Amino acid sequence: MKQDKIRNFSIIAHIDHGKSTLADRILESTGTVSQREMKEQLLDSMDLERERGITIKLNAVQLNYKYNNEDYVLHLIDTPGHVDFTYEVSRSLAACEGALLVVDAAQGIEAQTLANLYLAMENDLTIIPVINKIDLPNADIEKVKRELKDTLGFDEDEIILTSAKTGEGIKELLDAIVERIEPPKGNINNKTRALIFDSVFDPYRGAIMLVRIMDGKISSRDKIKMMNTKASYDVVELGINSPKEVKKESLVCGEVGWISASIKSISDVKVGDTITLDNNEADEALPGYQPMKPMVFCGIYPIESNKYTLLRDALDKLKLNDASLIYEPETSEALGFGYRCGFLGLLHLEIIQERIEREFKIDLIATSPSVIYNVTLTNGQKIVVDSPTKLPEKQKIALIEEPYIKTNIFVPTEYIGPVMELCQDKRGNYINMDYIDKTRVNIHYEIPLSEIVYDFFDRLKSSTKGYASFDYEIVGYKPSDLVRMDILLNGEIVDALSIIVHKDFAYVRGKKVVEKLREIIPRQMFEVPIQATIGNKVIARTDIKAMRKNVLAKCYGGDITRKRKLLEKQKEGKKKMKMIGSVEIPSEAFLSVLSMDEK
Amino acid sequence: MKSVYIHIPFCDNICSYCDFNKFYYNQNLVDEYLNSLKNEIKTFYTGELINTIYIGGGTPSSLTIKQLEKLFNIINIFNKSDDFEFTIECNPENMNVEKINLLKENNVNRVSIGVQSFNKNILKLLNRKHSKNQVIELINNLNDIGINNINIDMMFGINIENIKTLDEDLDIISKLNIKHISYYSLILEENTMLYINKYIEQDEDTNFKHYEYICNKLKELGYNHYEISNFSKKGYKSKHNLTYWNNNEYYGFGCGAHGFINNIRYENTRSLTKYINKEYKLNSEEMTKKINMENEIMLGLRKLSGINKNDFYKKYNIDIYEIFSIKKYINNKTMIDDGNNVYINPKYIYVSNEILVGLLESSE
């Protein structure tokens with residue numbers, strides 16, 4: 001295929017704006033997948049993705065399209081739709097020359113629409129604005145057109161109207177892809193450079209890289225080299241997805257495909273890295289490579305301690321497919337043996353946790369997530385702290401810095417008040433506010449990432465009746481007056497419940513945490529004091545009252561089955577509890593310190 | 001020696017808290033029922049010496065004189081020991097002197113009266129049909145005729161009760177000079193009138209406070225608190241109930257009755273039609289040594305005196321400490337070992353399930 005007949009594009013959209021359905025329809029109408037083969041949202045292959053309506057892993061598919069009686073090859077590169085995966089999105093976009101910006105006809109522009117658009121613009125992509133779901137009864141096409149024009153600066157005649165559901169506008173969209181998106185640049189005669197934008201793990205073949213050839217070509221007999229990690233491998237086979245795997249002799253400049261090279265671990269493949277030829281190395285790697293940086297950390301422990309090795313197997317297996325997941329053994333006095341795990345963000349954390357519980361059937365306790373703190377000690381030494389228990393004593397700390405984010409909060413103007421109040425509550429610094437139109441604004445705050453980890457989403461949703469959409473970018477580290485707050489049950493510190501908080505907010509947080517724990521932890525045989533402390537100072541305290549009654553008053557006429565059943569039921573209930581010292585704690589208690597209701 | 005429980009599933013009034021096996025009284029059904037009962041006993045009773053008989057219900061006293069005569073006739077089959085205990089449950093409103101005389105003639109030597117409360121409002125809530133005076137009259141008549149081993153079933157833990165109403169009841173009890181009192185906390189069961197009427201349960205703290213109050217008062221009145229819900233004057237513990245709590249064997253006859261014979265625990269059908277058609281057994285299960293030991297713990301620790309370590313060893317040929325993590329509870333003082341017996345510290349008897357669950361888990 002000639003380079004000028006290739007088009008590489010992505011679809012970017014806010015969650016639920018119909019990205020995956022649109023991709024399905026494109027596959028179907030180009031005849032890439034027959035209707036019979038069509039599963040709903042074909043590109044999202046994991047169950048969890050389907051359930052959550054989000055895309056976690058990327059995919060790339062080659063489509064054939066006839067335009068003006070000429071054959072074109074289109075590569076559709078799917079992108080994950082969540083802020084946690086921004087880097088992965090940006091690398092996928094870097095593999096394209098164009099992007100479809102999909103906006104829901106009923107909802108208009110949302111936070112992620114904008115965040116993704118900016119990412120696309122940074123990569124110099126041609127953007128085709130698409131208003132989707134025009135079949136919806138509450139579609140307001142004119143209003144969304146105005147938003148696209150006024151806020152994002154598109155021309156009215158650029159906008160394509162589609163309904164992925166009915167198929168309306170799909171042909172116009174495909175034509176526009178060929179007409180407007182430039183063919184790939186680069187030169188087949190240059191030294192080879194290929195961008196790795198994703199990888200998947202195959203139990204028989206090892207890590208498989210998804211690549212876009214930017215310059216030169218790679219053949220199935222080449223020896224390749226990763227320019228950032230310096231590792232070299234012999235290519236075993238390569239090809240394209242249609243969407244089934246099709247082997248080829250070579251991949252050439254402009255093409256998108258996969259390469260298998262007996263790479264044992266997915267960790268050896270870094271998204272964003274550049275592949276070149278071992279015997280004819282390119283002078284310079286492609287720009288934009290960043291090592292994967294987990295932002296959120298938490299301890300993960302099996303409720304049943306004897307499942308520790310199973311948990312390790314589960315993490316090993318998940319890691320095969322997810323290079324961004326990192327973990328190392330950790331011991332908690334309260335919870336025993338577990339792992340400290342790093343995630344790209346909260347959603348990533350939830351997904352991994354859910355997959356372990358669902359696919360590996362291990363009941364977990366996750367401790368409250370922590371961000372990474374940069375700590376300068378009084379002796380000048382700088383350390384990195386990813387867990388409250390690792391925070392040194394107060395006397396030894398000269399400075400603590402924590403990561404801040406900048407928000408995009410899209411919200412109808414009537415909710416500006418509640419949103420600002422929430423951000424203020426979360427130690428936010430107001431930056432400014434952009435009006436999308438008369439009725440909607442984009443509010444910018446700088447807020448510590450650690451505050452987003454704690455119940456920010458929930459509170460944003462509830463204080464705006466679900467109207468707000470939210471996205472963020474990391475803006476760097478700033479000094480903060482932070483302290484470690486410990487929780488004591490029965491006078492003993494439960495390390496898994498410790499959190500790092502801002503000094504001015506510690507008192508309120510401490511009060512809420514002990515109250516919440518009192519609600520969640522059932523009465524025990526003895527009274528259990530719950531205390532929140534900073535250093536040696538108790539800042540909040542409450543008591544779980546002693547259990548008063550747990551008895552079967554009467555055994556009727558020699559019927560002991562009732563009593564046995566009752567005790568069996570109680571026994572089962574106890575299995576779901578974690579014994580800490582002499583206190584039985586339900587597993588949800590450990591995350592409850594996160595979801596604090598406002599009272 | 002074994003015990004016998006006989007279930008009479010008929011009532012002429014349904015109490016609002018009861019989900020036990022019972023049917024509205026019906027003359028013809030009762031006669032057919034007694035025929036089938038006779039057949040069941042003849043079929044399964046193998047002639048061993050019987051130590052206690054307990055006729056429970058339902059409401060055995062709802063039977064007519066004739067039916068009671070027929071019942072006692074059936075019971076004559078049993079080979080009774082010299083000092084056997086023979087109890088029948090009665091409701092005050094359907095007893096009279098003639099029935100008491102009949103009981104006496106047939107060697108009934110213990111009567112258990114369903115009282116629950118003397119308070120009008122509480123009786124109304126529980127849908128009980130008798131008055132305080134009927135109870136007093138019945139007790140007087142029983143004593144006059146010579147049946148003085150009397151139990152009253154009392155109830156507490158009712159949401160409209162308070163210390164004052166409890167005091168009034170306990171004050172009346174103090175004047176009755178009865179030998180045995182069962183004081184049960186109301187258990188709200190599904191399929192009861194209370195449940196259907198969305199009765200709100202008394203809270204845990206109040207319930208425990210009232211329990212403690214009752215225990216203390218009865219102790220002052222000279223009653224020995226010997227089981228979670230049972231109190232007796234010296235020498236008047238319920239031998240029949242001790243059969244259950246000592247995990248000894250007993251026959252259960254009648255519709256819905258439970259029995260434990262030859263190491264098999266069984267349950268009779270709860271269907272009156274099936275029972276009358278002589279389809280008796282609903283299910284039965286042979287006990288393993290492990291289950292027996294667990295039951296021994298579950299039942300034995302209902303008694304304030306707990307379990308005799310030697311008896312346990314004799315019965316199971318193993319030290320009770322080897323099977324159950326009793327040590328843990330001795331250490332935290334929720335159980336006590338006095339050298340002979342292990343038992344739950346009386347302070348914690350009202351949370352005994354919590355301990356039992358831990359002990360049962362430890363046997364796994």
- prompt: Out of (1) open to solvent by less than 50 Å² (accessible area, probe 1.4 Å); (2) under 22 Å from A:SER20 (Cα atoms); (3) of a type in the set (Val, Ile, Thr), what's the single condition that is false for A:THR166?
  reply: (1)
- prompt: Do we have any residue at all in region B:232-241 that's within 11 Å of chain A (Cβ to nearest Cβ), more than 24 Å from B:ASN345 (Cα to Cα) and modelled with pLDDT of 95 or more?
  reply: yes
query: What tally of residues in region B:242-260 results from selecting those that are away from chain A (no Cβ under 11 Å) and open to solvent by 10 Å² or more (accessible area, probe 1.4 Å)?
result: 2
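Yes/no matrix, rows are residues, columns are (1) part of a strand (DSSP E or B); (2) under 30 Å from A:LEU310 (Cβ atoms); (3) open to solvent by less than 10 Å² (accessible area, probe 1.4 Å); (4) modelled with pLDDT under 95:
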| position | (1), (2), (3), (4) |
| --- | --- |
| A:HIS348 | no, yes, yes, yes |
| A:ILE351 | no, yes, yes, yes |
| A:GLU357 | no, yes, no, yes |
| A:LYS361 | no, yes, no, yes |
| A:ILE409 | yes, no, yes, yes |
| A:ASP434 | yes, no, no, yes |
| A:VAL441 | yes, no, yes, yes |
| A:PHE457 | no, no, no, yes |
- request: Take the residues in region B:283-307 that are within 26 Å of B:ILE264 (Cβ to Cβ) and among the hydrophobic types (A, V, I, L, M, F, W, C), then tell me which one is nearest to the chain's Cα centre (by Cα).
  value: B:LEU299
- line: When (1) under 24 Å from B:ASN94 (Cα atoms); (2) within 12 Å of chain A (Cβ to nearest Cβ); (3) touching a His at 6+ places or on another chain (Cβ under 8 Å) are applied to B:SER3, the one that fails is (1)
message: Please return the ranges of helices (runs of 4 or more DSSP H) entirely within region B:243-348 where 1 or more residues are of a type in the set (Val, Ile, Thr).
response: B:272-276, B:289-300, B:320-323, B:326-331
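For region B:285-300, which residues satisfy the criterion of being surrounded by fewer than 13 Cβ atoms within 10 Å (Cβ to Cβ) and either touching a Gly at 6+ places or on another chain (Cβ under 6 Å) or under 13 Å from B:ARG265 (Cα atoms) (or both)?
B:GLU285, B:GLU286, B:THR288 - these are the residues of region B:285-300 that are surrounded by fewer than 13 Cβ atoms within 10 Å (Cβ to Cβ) and either touching a Gly at 6+ places or on another chain (Cβ under 6 Å) or under 13 Å from B:ARG265 (Cα atoms) (or both).
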- request: Scan region B:12-42 residue by residue and report those that are open to solvent by 10 Å² or more (accessible area, probe 1.4 Å), away from chain A (no Cβ under 14 Å) and touching a Ser or Thr at 6+ places or on another chain (Cβ under 7 Å).
  value: B:ASP12, B:TYR25
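So that you can scan it fast, the table gives a plain yes or no per residue for (1) out of contact with any Ser or Thr (no Cβ under 7 Å at 6 or more places or on another chain); (2) crowded, with 21+ Cβ neighbours inside 10 Å; (3) without any contact (Cβ under 8 Å) to a residue 60 or more places away in the chain; (4) assigned to a loop (DSSP other than H, G, I, E, B):
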residue: A:GLU88; (1), (2), (3), (4): yes, yes, no, no
residue: A:LEU93; (1), (2), (3), (4): no, yes, no, no
residue: A:CYS96; (1), (2), (3), (4): no, yes, no, yes
residue: A:ALA99; (1), (2), (3), (4): no, yes, no, no
residue: A:ASN116; (1), (2), (3), (4): yes, yes, no, no
residue: A:ALA120; (1), (2), (3), (4): yes, yes, no, no
residue: A:ASP124; (1), (2), (3), (4): yes, no, yes, yes
field: Evaluation of B:LEU221 against (1) at pLDDT 95 or above; (2) aliphatic (A, V, I, L, M); (3) outside the structural domain of B:TYR45 (by TED's automatic domain parsing) (one fails), failing number
entry: (3)
message: I'd like the residue in region A:273-318 that is buried (at least 22 other Cβ atoms within 10 Å of the Cβ) and either of a type in the set (Gly, Ala, Ser) or free of Cβ contacts under 8 Å to residues at least 40 places away in the same chain (or both) and, out of all such residues, is nearest to A:TYR233 (Cα to Cα).
response: A:ALA314
- request: Could you pull out every one of the strands (runs of 3 or more DSSP E) wholly within region A:490-565 that has 1 or more residues that are within 14 Å of chain B (Cβ to nearest Cβ) and charged (D, E, K, R)?
  value: A:537-544
- prompt: Taking A:ALA207, is it buried (at least 22 other Cβ atoms within 10 Å of the Cβ), farther than 30 Å from A:GLU70 by Cβ and in contact (Cβ under 8 Å) with a residue 12 or more places away in the chain?
  reply: yes
statement: Counting only residues in region A:132-146 that are crowded, with 18+ Cβ neighbours inside 10 Å and in contact with a Ser or Thr (Cβ under 7 Å, 6 or more places away or on another chain), the one nearest to A:GLU88 (Cα to Cα) is identified as A:ASN132
message: Please determine whether any residue of region B:166-177 is over 22 Å from A:TYR556 (Cβ atoms), outside any loop (DSSP other than H, G, I, E, B) and touching a His at 6+ places or on another chain (Cβ under 9 Å).
response: yes
query: For the subset of region A:324-346 comprising residues that are in a loop (DSSP other than H, G, I, E, B) and open to solvent by less than 10 Å² (accessible area, probe 1.4 Å), which member is nearest to A:ILE474 (Cα to Cα)?
result: A:GLY345
- prompt: Are any residues in region A:1-33 open to solvent by 20 Å² or more (accessible area, probe 1.4 Å) and either modelled with pLDDT under 80 or assigned to a loop (DSSP other than H, G, I, E, B) (or both), and if so, which ones?
  reply: A:MET1, A:LYS2, A:HIS14, A:ILE15, A:ASP16, A:THR30, A:GLY31, A:THR32
- line: Picking from B:ILE122, B:ILE77, the residue that is assigned by TED's automatic domain parsing to the domain that holds B:SER36 and in a loop (DSSP other than H, G, I, E, B) would be B:ILE77
message: Go through (1) surrounded by 18 or more Cβ atoms within 10 Å (Cβ to Cβ); (2) within 14 Å of chain A (Cβ to nearest Cβ) for B:ILE323 and report which single condition fails.
response: (2)
message: What's the number of the only condition in (1) under 21 Å from the mean Cα position of the chain (by Cα); (2) away from chain A (no Cβ under 11 Å) that B:ASN310 fails to meet?
response: (1)
message: Suppose we keep only residues that are within 13 Å of chain A (Cβ to nearest Cβ) and of a type in the set (S, T, N, Q) within region B:326-364. Which one would you say is nearest to A:GLY573 (Cα to Cα)?
response: B:ASN353
- prompt: Can you tell me which of A:VAL475, A:VAL483 is outside any helix (DSSP H, G or I), within 19 Å of the chain's Cα centre (by Cα) and β-branched (Val, Ile, Thr)?
  reply: A:VAL475
task: Report, by residue number, each residue of region A:566-586 that is more than 9 Å from chain B (Cβ to nearest Cβ) and either touching a helix residue (DSSP H, G or I) at 6+ places or on another chain (Cβ under 7 Å) or open to solvent by less than 30 Å² (accessible area, probe 1.4 Å) (or both).
output: A:LYS578, A:ILE580, A:VAL583, A:GLU584, A:ILE585, A:PRO586
task: Scan region B:197-206 and give yes if some residue there is modelled with pLDDT under 95, over 27 Å from A:LYS545 (Cβ atoms) and within 14 Å of another protein chain (Cβ to nearest Cβ), otherwise no.
output: no
message: Of everything in region A:444-466, what is of a type in the set (Lys, Arg) and in contact (Cβ under 8 Å) with a residue 24 or more places away in the chain? Give them in sequence order.
response: A:ARG459, A:LYS465
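The values are calculated or read from the model by the stated rules, or taken from the named source; none is laboratory data. None of the values given here were measured: they were computed from a predicted structure. Please note: Cβ atoms are built from the backbone with ideal geometry, for glycine as well, and neighbour counts cover all protein chains shown. Quick note on the areas: whole protein, heavy atoms, side chains included, nothing else; ligands and nucleic acids left out. Shrake-Rupley method; radii C 1.70, N 1.55, O 1.52, S 1.80 Å.
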